[in-house]
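Heads up: the structure comes next, in structure tokens.
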Amino acid sequence: MEVTLRIPDEVAKRLSAGGGDVSRRALEALALEGYREQTLTLYQVSDMLGLSRVETEDFLGQHHVALAVIHEADLEREAALFEAASRRNPR
């Protein structure tokens, strides 16, 4: 799905002043908030951002977001998703 955001030019200038990609920052913010609210799983954040599991855990840590408590069944499901994805897209 593609989403378009309309923000004032002045806001866009301030957000991109440090050389950052505003679109990427918005995507990362959405992923962080979705994970904080437990709307998104670790795998979904990883998939959204194009990161490996370790990179996703590092990303969350850099933003002071604790890893969610994962029940055993969910852990097995997440592990299977990551394994299948790594076979499709080896890094």
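Observations
- Cα-centre dipole for the range 9-88 with unit charges at Cβ (Lys and Arg positive, Asp and Glu negative), debye to 20: 260
- Dipole-positive endmost among 59, 17, 80 within the chain (Cβ charges, Cα centre): 17
- Here the 3J(HN,Hα) profile of the range 40-56, calculated from phi with Karplus coefficients 6.51, -1.76 and 1.60 at θ = phi - 60°, is 10, 8, 4, 4, 5, 4, 4, 5, 4, 9, x, 10, 6, 4, 5, 4, 5 Hz, Gly and Pro shown as x.
- Helix axis angle, 22-36 relative to the chain longest principal axis, alpha carbon, degrees: 40
- C-alpha long axis of helix 72-88 to longest principal axis of the chain, angle in °: 70
- (1) 47, 27, 23; (2) 47, 32, 22; (3) 42, 33, 21, with the label sought being that of the calculated Cα extents along the principal axes in Å: (1)
- Packing rank of 19-27, 38-46, 57-65, 6-14, where each peptide gets the mean count of other beta carbons within 10 Å, highest leading: 38-46, 57-65, 19-27, 6-14
- The chain, relative contact order in percent, only Cα pairs under 8 angstrom and at least six apart counted: 19
Bear in mind that the values in this text are calculations on the coordinates, not laboratory data. Just so it is clear, the structure is predicted and the values come from calculations on it, not from any experiment. Counting neighbours? That spans all protein chains shown, and the Cβs are built from the backbone with ideal geometry, glycine included.
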